[in-house]
Amino acid sequence: MSAALGLYRLGQVDRQIDHIRARLDFIQKTLENDAEMKTAKAHYDNASQENLRALRGVKDAEAEATALQIKIEQVEASLYGGSVKNPKELQDLQKDAASLKKHLAALEERQIEAMLLAESADTELKHAKNNLDLVQAKLGDEHKKLFEEQGDLTKQIESLEQEREATLAPIESALLAIYESLRKQKRGVAVTEVEDGACASCGTTINAATQQNARSQKQLAHCPTCGRILFAN
């Protein structure tokens, strides 16, 4: 495999990512320019975060109460199981059990409060979602399509990022550094094909020796005019 082939494949993936990101930026700016949509979306995002926090609060309270109940059961097992005979130790166990039960009662109150908070947060989230849906409907199909496209493009980006990681694996770090440097200099296009004996990016004729170098497994060949890495089949 030529040294340029891996970079050429990486360049293809990067160009797709760049194109999708540019489109996502455009969609985001279009959506953000609508003040009503921006407010409704912010309300929905905040409600989502509050709902998640409330649900975590319920789970934490439940976990803490469960752990305390287990501890109470262990203390009562020692208290009533007959293994402890010393009156002082039995008295201490009774005090521990009473203290733990008092703490459990307070925890159960916190559990109820957490559940009420979660219920309120869920109601607010549903309200925010309904409001967002109404605003989206009012803005018509254009924004709806943009939201749908935004979701599809985000999934494509995730897939391409995984593909990029796999493409990066066999590329030497020194070659990658050259590639990244050229990408910054050449508007995102670091590698170009040799087509019909010429650089596909700038049209410069590439001599036979340079074309042969572009097929090399160890070294890179560059277009004498635009400086991009050349890839030749």
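Key figures
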{"quantity": "Subset of region 160-175 [in contact (Cβ under 8 Å) with a residue 12 or more places away in the chain and either farther than 19 Å from S216 by Cα or part of a helix (DSSP H, G or I) (or both)]", "calculated": "L160, E161, E163, R164, T167, L168, L175"}
{"quantity": "Of residues in region 72-110 being under 24 Å from K59 (Cα atoms) and of a type in the set (D, E), the one surrounded by the most Cβ atoms within 10 Å (Cβ to Cβ)", "calculated": "E108"}
{"quantity": "Tally of residues being among the basic types (K, R) and under 43 Å from the mean Cα position of the chain (by Cα) across region 61-100", "calculated": "1"}
{"quantity": "L125, sole failed condition from (1) closer than 15 Å to D45 by Cβ; (2) modelled with pLDDT under 90; (3) among the hydrophobic types (A, V, I, L, M, F, W, C)", "calculated": "(2)"}
{"quantity": "Candidates I178, I157 - the one that is among the β-branched types (V, I, T), in a helix (DSSP H, G or I) and over 30 Å from E50 (Cα atoms)", "calculated": "I178"}
{"quantity": "Candidate set from region 186-200 (those that are surrounded by 13 or more Cβ atoms within 10 Å (Cβ to Cβ), of a type outside the set (A, V, I, L, M, F, W, C) and more than 16 Å from N233 (Cα to Cα)); member that is farthest from the chain's Cα centre (by Cα)", "calculated": "K186"}
{"quantity": "Test: residue in region 209-216 that is closer than 15 Å to A3 by Cα, among the β-branched types (V, I, T), surrounded by 13 or more Cβ atoms within 10 Å (Cβ to Cβ) and touching a residue at least 24 places away in the same chain (Cβ under 8 Å)", "calculated": "no"}
{"quantity": "Residue in region 10-28 that is at pLDDT below 85, touching a helix residue (DSSP H, G or I) at 6+ places or on another chain (Cβ under 8 Å), under 30 Å from A166 (Cβ atoms) and assigned to a helix (DSSP H, G or I) present", "calculated": "no"}
{"quantity": "Checking K38 against (1) touching an Asp or Glu at 6+ places or on another chain (Cβ under 8 Å); (2) within 20 Å of G151 (Cβ to Cβ); (3) modelled with pLDDT of 90 or more, the condition it does not meet", "calculated": "(3)"}
{"quantity": "Per-region count, region 3-30, residues crowded, with 17+ Cβ neighbours inside 10 Å and not β-branched (V, I, T)", "calculated": "10"}
{"quantity": "Residue match in region 82-101 (condition: modelled with pLDDT under 90, of a type in the set (S, T, Y) and not in a helix (DSSP H, G or I))", "calculated": "yes"}
{"quantity": "Subset tally (residues that are in a helix (DSSP H, G or I) and surrounded by 13 or more Cβ atoms within 10 Å (Cβ to Cβ)) for region 31-48", "calculated": "11"}
{"quantity": "Any hit, region 218-229, residues being in contact with a Ser or Thr (Cβ under 8 Å, 6 or more places away or on another chain), surrounded by 13 or more Cβ atoms within 10 Å (Cβ to Cβ), free of Cβ contacts under 8 Å to residues at least 24 places away in the same chain and in a loop (DSSP other than H, G, I, E, B)", "calculated": "yes"}
{"quantity": "Boolean, R53 is surrounded by fewer than 17 Cβ atoms within 10 Å (Cβ to Cβ), at pLDDT 90 or above and either closer than 30 Å to A166 by Cα or among the polar types (S, T, N, Q) (or both)", "calculated": "no"}
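Listed here are the residues, each with its yes/no results for (1) of a type in the set (A, V, I, L, M, F, W, C); (2) modelled with pLDDT of 95 or more.
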position	(1), (2)
E172	no, no
R187	no, no
T192	no, yes
L220	yes, no
R228	no, yes
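The values are calculated or read from the model by the stated rules, or taken from the named source; none is laboratory data. Since this is a predicted model, take the numbers as computed values, not measurements. Cβ coordinates were reconstructed from backbone atoms using ideal geometry, including for glycine residues, and neighbour counts include every protein chain displayed.
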